[in-house]
Amino acid sequence: MMKTVYLMFCQDCGLPKPLSPHVLIQYIHQEAVKKIYCDNCKSENVIPEYLRKIAIDLVKEG
Ligand SMILES: [Zn+2]
């Protein structure tokens with residue numbers, strides 16, 4: 001199985017935050033979750049639409 005990691009770039013400091021498929025499925029996929037905190041500058045990042053779509057796809061694929 002391929003080890004895929006998705007990246008979300010912080011809107012403030014630009015640092016990429018790696019997100020595992022597990023995180024996408026368990027966390028990003030949930031409608032209630034709107035934001036992710038940057039590990040570097042701790043700023044709130046609104047979850048980008050493309051990440052939400054990837055998460056939805058991952059859930060569909062099971
Ligand atoms: Zn940041």
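The values are calculated or read from the model by the stated rules, or taken from the named source; none is laboratory data. The structure presented is a predicted model; accordingly, all values stated were derived computationally and were not measured. For neighbour counting, all protein chains shown are included, and Cβ atoms are generated from backbone atoms with ideal geometry for every residue, glycine included. Heads up: the accessible areas ignore ligands, DNA and RNA and are worked out on the full protein's heavy atoms, side chains in. Shrake-Rupley method; radii C 1.70, N 1.55, O 1.52, S 1.80 Å.
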Worksheet item: Helix 49-61 versus the longest principal axis of the chain: what is the Cα-based angle in degrees, 0 to 90, to the nearest 10?
Response: 20
Worksheet item: For the chain, what's the relative contact order in percent, using C-alpha pairs closer than 8 Å and at least 6 residues apart?
Response: 30
Item to complete: Assign unit charges at the C-beta atoms only (+1 for Lys and Arg, -1 for Asp and Glu), then state the dipole size of the chain relative to its Cα centre in Debye, rounded to the nearest 20.
Response: 60
Item to complete: Starting from the Cα of K35, draw a straight line to each of the lysines and keep only those under 18 Å, dropping any in the same chain fewer than 8 residues away.
Response: K17, K53
Response to the item:
Sorted by chain and then number, the residues having a modelled amide H within less than 5 Å of the amide H of M8, at least 5 places away or on another chain, are K17, L19
Discussion item. At 1.4 Å probe radius, can you tell me the per residue accessible area of the chain in Å²?
Written reply: 73
Item to complete: Kindly provide the helix-only [θ] at 222 nm of the chain, computed as the sum of -39,500 (n - 2.57) over DSSP H runs of four or more divided by all residues, to the nearest 500 deg cm²/dmol?
Response: -6500 deg cm²/dmol
Worksheet entry | Accessible surface of the chain [probe 1.4 Å, protein heavy atoms]: carbon and sulfur percent | 58
